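First comes the structure, then the notes that go with it.
The numbers here are math on the coordinates, done by the rules we state, and not lab data. This is a predicted model, so every value here is computed, not measured. Note that we place each Cβ from the backbone using ideal geometry, even for glycine, and neighbour counts take in every protein chain shown.
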Amino acid sequence: MDGEHGLGATRFTLNGASVAVVAPPGERLSDTLRERLGARDVKIGCNAGDCGACSVLIDGQVVCSCLTPTQKAEGRRIETVGGLVATDPLAQALAGRFQDHGAAQCGFCTPGMVTASVALLREVPQPDEAAITRALGGVLCRCTGYRKIIDAVASVPATLAEADAPGHAGAAIRRLDGAQKLAGTEAFGDDVAPPDTLEILVIRSPFPRADFTFGDLDAWRAGQDGIAAVLTAADVPGRNVFGVIPAFADQPAFAEGIARFRGEAVAAVVGTPATIRAFDPASFPVTWAELPAVQTPPAAEASGAPLLHEGRAGNLMCKGFVACGDAEAALAGADVTVEGQFASGFVEHAYIEPEAGFAQVIDGRVEIHACTQAPVMDLEAMEILLGMDRARIRILPTAVGGGFGSKLDISLQPYLALGALKTGRPVRMAYSRTESMQSTTKRHPSDIRLRLGATRDGILKGCDFRGTFNTGAYASWGPTVANRVPVHASGPYHIADYRAEARAIHTNCPPSGAFRGFGVPQAAIALESLLDELAAKLAIDPLELRLKNALTNGAPTVCGQVFAQGVGIRACLEALRPAWQAERAAAAAFNRDTDTALRRGVGIASGWYGCGNTSLPNPSTIKAGIRADGSITLHQGAMDIGQGANTVITQLFATALGVPVARVALIGPDTDVTPDAGKTSASRQTFVSGNAARLCGQALRAEVLRAVNASEGAALTVTPGAITVDDGSSRHRIALDQLAADADGYVLAASGHYDPPTKPLDANGQGEPYAQFGYAAQLVVAEVDTALGTIRLRRIVAAHDVGLAVNPMLVEGQIQGGVAQGIGMALMEEYIPGRTENLHDYLIPTIGDIPPIEPIIIEEADAHGPYGAKGLGEHVLIPTAPAILNAVAHACGVRMTSVPVTPAKLAAALAGD
Amino acid sequence: MAYLVPDSLHEALTLLRDRRPQVVAGCTDVLPARRRGQRSGDILDVTRLPALRGIAHGPQGWRIGAATTWAEIAATPLPPAFAALQEAAREVGAVQIQNAGTIAGNICNASPAADGVPPLLALRAEVELASHAGTRRLPLEEFITGVRRTTRAPDELVTALHLPHPAPGEGGAFVKLGTRSSLVISIAMVAAVVRIDRDRIAEARIAVGACSPVARRLPAWESALQGRRLDELAGLRPDPGHLSVLSPIDDIRATAAYRIEAVRELCQRALVRAANAAGGADGR
C-alpha cells in the first residue's frame, strides 16, 4: 500500500539485526517497532513524550520512540530493552541489579528505565544520584517511588537472601516474575494480540452531560471502508449495566440517551488497524445536545439540580456512619478544641499502562485477555452484560502495568467481548492516555469538616467528622469509601466519644472509585493536621501527643472492636523517635542559621487500615498439585499488579508445604483453571490469599505426610518422580508415578480457602469490620522556599507494622511506591475533567521529586495473618500527605488545608491571602 | 503523502516551495500534537541537512544550526554568557526530549512556555531564514509574533540562530520554575545575561518566559540595573512597573498573580547567578 506512494522501506538495525520496514510516512517508531517488527518490549504509555516508557536507543542516544517518525531511523542503530538485556553485558548486569532491588514492580516503565540507564552507564559507569536523576527524569514510574531504581543503577549492594535459600516467609528474594519484566517479554494488555487484529475505538461524550442521538448507523457503516462493526447499547445482549457493588450497579457499558460525564462511552467502531488509527471520532454520526451539568457536590445538592440517577434524591448515593460515646458532650467538655475544613481533588491513578486487551471467540466461548485487578469480578460483570452463562466466558488476565484500584472496575472488557462476538473475529483495543484518564475511576474529591477535642494533658476527648465525597457519575466503589471512611477517620487512636459521617454525592464527573486507601488518605489529612494543631495549643510534642492516644492491645476502636493483640501503632511511632528528635533539632538549627528564604520543617502522621472487605465476606481460594514428575504447581489467582503477589503468595505456600520456593511453578489467574483468589484490593492479598496459600500448602503437606504416616515435623524433599519424607530417623519415599492422577494431572492436590472473620456493623457502625489492621507512621523533612512557595522534600522515614514482612524487599518497595503517590497527592496531583487529561498537564512525581525514603519494618505479629503477616498496600500512602502538610506548617507556620499544595497555593497562603 | 528527508538545503527549499510540506525536526512538539484521524500531508525532515547542523563561531559571532539539539547545545563548550542557553537546554523536558528536540523547532513552535526563547532573547539572537528568494536575518523578537505564530513564510526554512560574541565579563543564567523536577511545563522562567565591569553591572539583559504570549525582555529593569554595584545585587528585584510588559494568565499551573510575584524572585536569583557566572558577584 505504502509502496504506491513511491516510498521505499526504511532500513536500520534493530538490536543488531538489519531490518527493512515499510511504514506510512511519519508513523511513530514505537508503533512500527511493536506492530510491524514484533518488538512488543517497547511500551506505549502516552504517545506524547510524557512518560518515557517507549524509550529506545538510537545510535546510543535515548529518545522516546513515540516521538520519533519511523523514517528518522533510516540508517540508524536502534536498541530496545529486549535486545539490550539479551546481549549487552552492561544491560544484563543492570537487569540483575533491578531484580535484586525489586526495581521493577509492575514492569511497564522498566523498558524505559533500563534503556535510559544503559545510555547513562555507557557514558558514566559509576554515576552519582544527581546524574541518575537527570538521566532518568524522562521516565515516569508509578509503582516504585524510584528509590529502588536509583539503588539498582547506582550499584548499591542489595540485601537478598542467599540464592540457594528456601525463600520462605520472611526472606527477601527476587520477584519470581522479575526476569521477564527485565527482558521485555512480560505480556501486558496490549501485548497479546496478533498483528493486524481488528481494533476498537470508543466514541465518547465531549460534554459532562449531554443528550445524544445517532444517525443511521447501518447506512453509515456501509459507507465506510475498513469498519467491520459499530457497537452501541443496542448491541448489549444482556443488561446494559455494571458496577462492582451489585446493589449499586448503575453504569452502562454504552450510555443510553444521556451521557453523564465527559468521556462516557456511547458507541464504538471496530475496524482494521489502518482504519481505526486514522479514524476521526468527530466523523462518527452522533449529534450532541449539551445539558447543564453539576460537577461539585454543592452544585449537585442545590435545589433543582438535575438528578444523575432516579431514586437517589439530592444526588446522594449513600452515607456511612460510625458513632460511639457522645462526641458533642465530650467536645463541649474538652479543655481545648480545634477544628478545620480540608479539601482534596480528583486524583488519577496514572498507572503507566493504559487499559488494553484482546478478545476472541473460541468454540462459542468468549475469551478476554486484559489487564485487571479482579478477574472473577470481571467474569461476573460480563455475565450480566453479555447475558451469557459464565461457563461461556473466560477471563485470562494479562500482566498488569499498575492498577492502584482503578483496574478493579471493568473498563474496555465489554467492548472487547461485544466486538469479538459481533464480528466473529479477534479484536483488540488500547485506551489512549486521554481516554484512560477521562473514563476510568478516580480518587474521590473530599470536603471534610473535623472537630477534635482534648483534655489539658493531651487525651483526645470528642471527635466529630463530616465528610462529603464527590463520587462522580456512577457508584463504582463510592459506597465502600462512604463506609470505610467513618471507620478509619479516628486514625489509630483511642477516641471514646466519636461521630463520623461520610456522604457520597453524584456529580457529572468521572466515577470516583477505588484508589489506594478508599478515602482514608483524605480523612487522615484532616485528623493528622488537627492533631498537630492540638499539640501546638497544648504545647505538647506532636509525637508524644500521638503516643498518648495511640491504640493499644485491648483498647476499643471507634467501632467498639477490641484487638487483644497485633496493634502496632505505638511501635511505629516509637520507631520514628530518633529521627524525629534529630531532625527537629536540625531544622531548628537550620532555620536559626540560614540567611535564605528556605525554612525547614519536620512533620509526622500516622495511619491505619483495615485489611479486606468491611464486614463482608471476602474469601480467597488457592489450589496446588504435584504431578507424577515431581513438579509442584500453584494455581495463584491473586492478581499481581506489581505489588508482588506472585512472589509473596508462593513464599507463603512454599513455607507451609515445606519446600523451597524455587520448586514451585505458577499457573496464574485464569477463570478456567485457577480458583478465585478475590480482587487485588483492600490490602487483602497477602493477608487473605496468603492465608489461603498457607492453608493450601498445609493441606498438601498433610496429604504427603498421611501417605507415609509421617509426623508433622517431617522434612519433604521433592525430586523428579518422588518425594522423600525424612521423619526423625526414618526416611520414606513416595513414588509419585505409582499414584493416580486427578483431572488436572495431579497425583497429590489440595486447596486452601480463607475468609477473614468479621462481624457486621450496626446502625452506629459498631461491630468488627476487619479481622486485622495494619499500622503506619511516617516522618517528613521538608524545605519550603518561602519566596516562591515551592517545597522540596529532603527525607522521609516510614515505619510500617506489617506483622511479618513475608518479603522485606517487596515491603520496602510498597512503602516507597506508596509514599511517592502520597507525595503526588500532597504536592501536585489534581485531575480536572477537560483540563488535565494527559500526563503533562496532570503531573505525577518524577524521579527528582522523591527524596530518600527509609522504611522501618515493624513486625507486631497478627494472630489472623499468615505467619503473622498483615496487609500493606494502602497503608503506605495514608500518612504521607498529612506528614508533608505538618512539615510545611512546622517549616513556615502556614497550615495548608487543601491539596495539592502547589507553589501558587502555598505562596498565596504565605502572603496571607 | 511522503516523508521527505533532503540532504541539501537547495533540495529542501525546492521541496518546500513546490510541495508545501510540514517542516519537522525533533518532532517532540509535532507528534504529541497529532490528533487521531488528522490527515497529514507531506513531511519535510530537516535534521539531515548539513547546513542546519553544528555550532560554529566566526568574526561576526556564533552560529547555531537550526537542527542542533538541546543535548548538543548543553554538551558544547561555550562562553559563560551562554550558560543561560545551556542551562535551559538541560531543563527542556528530559533527556529523551533534549536528544531529539532542536533549537529552531523550539522557536518555530512558538509556545509561550518555550524554554529556549528567554535565553535566546537575552543573548540577542537573530534568526536566519532561507528560501529560494534568498536568506534574511531578523531579531528573534520580530520572528515570534504570538502564540504559535512566527513570521516564517511558507517557503522559508529557519536555517540557524546567530548570537553575537559575548563581551568580556558577560555571564548568563537560566532559572525555571515548575511544579516538579523534570518533564514540566514552566510556570515561569527567567534568563539573565549580565556584563560586569569591575564591581558594577555594566549591562543586563533579562528575559521572562511563560508570562506573556511571547517571552519578553524587561527593558525598564535592565536600565535600572545598569551601574548597580555588585554588593547590592541581593536586594535587587524588579518593581511591578518593570514588569508591565508581561501579561501572565491564570491556568492550571498557577495564577497570574503568583506568576508576577514569582518572576520578581526568579529575576533576582537569575541576576545573582548570571553575575556569578560572569565572575563578579561572589561577595553577595
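General remarks:
- Partner aspartates and glutamates for A:Lys407 [C-alpha distance under 13 Å; skip if fewer than 8 residues away on the same chain]: A:Glu348, A:Glu353, A:Glu355, A:Asp378, A:Asp640
- Simple label model, 7 Å out from Cα along Cβ direction - A:Ala289 to B:Ser247, nm: 4.0 nm
- Exposure proxy ranking, count of Cβ atoms within 10 Å, fewest first, for A:Met382, A:Met317: A:Met317, A:Met382
- Summed residue charge, Cβ within 13 Å of B:Ala270's Cβ, Lys/Arg positive, Asp/Glu negative: +3
- Distance from the C-alpha centroid of region A:12-80 to that of region A:356-382: 30 Å, rounded to the whole angstrom.
- Loop GluC sites (Glu not before Pro), region A:245-338, which have at most 16 other Cβ atoms in a 10 Å radius of their Cβ (DSSP): A:Glu256, A:Glu310
- Close amide H pairs (under 5 Å, H built 1.01 Å from N) link B:Thr159 with B:Glu128, B:Leu129, B:Ala130, residues at least 5 positions away or on another chain.
- Peptides ranked, highest mean first, by Cβ atoms within 10 Å: ranges A:368-381, A:668-681, A:636-649, A:189-202: A:636-649, A:368-381, A:668-681, A:189-202
- Other residues whose C-beta falls under 9 angstrom from the C-beta of A:Leu804 contribute a net charge of -1, scoring Lys and Arg +1 and Asp and Glu -1.
- Against chain B, whose longest principal axis is taken from its Cα atoms, helix B:9-19 shows a tilt of about 70°.
- Violating pairs (Cα-Cα greater than 23 angstrom) within the set A:Lys43/A:Lys148; A:Lys461/A:Lys548; A:Lys461/A:Lys870: A:Lys461/A:Lys870
- By the beta-carbon count within 10 Å of each Cβ, the least crowded to most crowded order of A:Thr159, A:Thr110, A:Thr423, fewest first, is A:Thr159, A:Thr423, A:Thr110.
- Estimated vicinal HN-Hα couplings, Hz - region A:157-167 in sequence order (Karplus 6.51, -1.76, 1.60; Gly, Pro = x): x, 8, 10, 9, 5, 4, 4, 9, 5, x, x
- Across peptide B:185-198, the mean count of Cβ atoms from other chains lying within 10 Å of each residue's own Cβ comes to 1.
- Options B:Pro238, B:Ala274, B:Gly227, ranked by Cα towards positive dipole end of region B:170-277, top entry (Cβ charges): B:Ala274
- Cβ-to-Cβ counts within 10 Å put B:Ser111, A:Ser711, A:Ser476 in ascending order as A:Ser711, B:Ser111, A:Ser476, the fewest first.
- Relative contact order of chain A, defined on C-alpha pairs under 8 angstrom at six or more residues apart (%): 14 percent
- The distance from the alpha carbon centre of region A:796-828 to that of region A:260-281 is 39 Å, rounded to a whole number.
- Residues of type aspartates and glutamates that A:Lys537 reaches as a straight line, Cα spacing below 17 Å, ignoring anything fewer than 8 places off in the same chain: A:Asp335, A:Glu339, A:Asp457, A:Glu528
- Farthest towards the positive end of the charge dipole of region A:620-754, among the residues A:Val718, A:Gln636, A:Val648, is the Cα of A:Val648, using unit charges on the Cβ of Lys, Arg, Asp and Glu.
- Each residue of region A:688-694 was assigned a 3J(HN,Hα) from its phi angle through the Karplus expression (A = 6.51, B = -1.76, C = 1.60, θ = phi - 60°), giving 7, 5, x, 5, 4, 5, 4 Hz with x at Gly and Pro.
- What the Cβ-Cβ distance of A:Arg795 and A:Ala93 gives, at R0 = 25 Å and to the nearest 0.05, is a FRET efficiency of 0.25.
- The distance separating the Cα centre of region A:145-170 from that of region B:180-256 comes to 47 Å.
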